[in-house]
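Take a look at the structure set out below.
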Amino acid sequence: MTQPTIPANSLDASSPQDNAWNCLLALETQVQTTQTSLTLHTTELARLCQTMDTISHSLQMLLEHLPPTPVITPTPPTPPEMNSAPCFDVSAAPHTKIPCPALPDTYDGDQAVGERFLQSCVTYIQLSGEAFTSDALKIAW
């Protein structure tokens, strides 16, 4: 694109026509600069797209050489049934059982009662020792 030139028969330097021509020249310069920048960015974008395609192709080739990964779905430990399991048998009296401890109250997130809730959980786990045979069961409960 060629830059327009101010006609030789224009008025003096301070005329409105000169100001308009100067604005037009400035806008034309900005348009050319923007077009050059756009061309550079378009070229860089095309280069980056080509690089991305190359990387994607290489990754696909690598993935094809990997053995298939078996899908393993984790199974959470089964918590003990607290209400249906028998509590402690007292060996001295074969038909007598110690009553099951009461379940802790449901924790509502209140920090003021958090320590008390935690202590009631610890007490319950200790009193129901036969139901919690591993640390994993204690944590899951």
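Key figures for this structure:
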item: Residue list for region 83-137, filter: modelled with pLDDT under 80 and touching a helix residue (DSSP H, G or I) at 6+ places or on another chain (Cβ under 6 Å); result: ALA85, PRO101, PHE132
item: PRO68 being at pLDDT below 85, surrounded by fewer than 12 Cβ atoms within 10 Å (Cβ to Cβ), under 37 Å from the mean Cα position of the chain (by Cα) and assigned to a loop (DSSP other than H, G, I, E, B); result: yes
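The values are calculated or read from the model by the stated rules, or taken from the named source; none is laboratory data. None of the values given here were measured: they were computed from a predicted structure. Because the Cβ atoms are built from the backbone with ideal geometry, glycine has one as well, and the counts that use them run over all protein chains shown.
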